[in-house]
1. Over the Cα atoms, compute the radius of gyration (one decimal) and Dmax (the largest Cα-Cα distance, rounded to a whole number) for segment 95-171, in Å.
2. Going by average Cβ neighbours within 10 Å, how do the peptides 179-188, 129-138 rank, with the highest at the top?
3. Please list, by residue number, every one of the chymotrypsin sites (Phe, Trp or Tyr not before Pro) in segment 142-207 that is coil in DSSP and has at most 14 other beta-carbon atoms within 10 Å.
4. Across segment 86-92, in residue order, what do the Karplus-derived ³J(HN,Hα) couplings come to in whole Hz, using 6.51 cos²θ - 1.76 cosθ + 1.60 with θ = phi - 60° and x for Gly and Pro?
Amino acid sequence: MSLRRHLGRLLRAAEEDDRLDGAVPSSGTAASLPSTRTYTYTTEVPWPSLRKFAQFAYVAEQYGYRYAGLDPDLGGSGTRFFLFRRLPDAAERATRRREQYPDALGRGRLPGMRAWPVPVLTLPQVRGQVRLLHARITVDYYGALGRQRFRPLLVGLPAVFLLLLVVNGELHAAGLRVAGVLVAALLLTVTASRIFMRRRRAARRELLRRAGIHWPPAPVRDAARSSPHGACGPAPAGPRPPGRGGRPRRPGGGSRRGGPVP
């Protein structure tokens, strides 16, 4: 999925948020009314690169949605979902950006990006901001990966190889040696990757610390209602109100609830 297409999903969600909040009437014309509710947008990383996701996070903030880390309510889903919080002046930001970049969703220029449509490259004057966003995303992403349980692999991998040997009639000394070497190689690879992730995450946290940014932030719990277009943000305790279900669509979509590689 291209950055423009994913941005289009976010902007369609933002328009719906504006209508629900009364900031944009049905004609789609922005009004300068203050936001009275808090909305969020939740998405996976739709690209194999966290750097491109950092570019998306920068552009999203230009339209009024700021990156806020992992969604704490979807931490047990097995998939990493990232949260974007709607800013109070989101409607005004979106209106200004549409005037400045009228063809951003086509082949026009995106905020903070170079003029040519492909590839999307960051302008020098905003590279520092995108770099800090990339550092935050990396800290969150590797932190979520590091919390995945390692013990099941210690039991599961030998059991799988032993089962394969039994099924194929290779349960003898030579077959066991080969299986043992393969299991050891896989476990060493997983261990090395976890060490690499911890070091990379520590380096990114140090970069943020030098920039005066404490990340990840403490989780925020509030009762604000969130966007019907994301599996959205921290929700209060208790049953969810009726809406579009409780499971997020992938990517960049989801349900309403009361109130995410370098």
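Every number in this text was worked out from the coordinates using simple rules, so none of it is lab data. Being a predicted model, the structure only gives us computed values, none of them experimental. Here the Cβ is made from the backbone with ideal geometry for all residues, glycine too, and neighbour counts use every protein chain on show.
1. 24.1, 70
2. Per-residue mean Cβ counts within 10 Å order the peptides as 129-138, 179-188.
3. 150
4. The phi angles translate into 6, 7, x, 9, 4, 4, 5 Hz.
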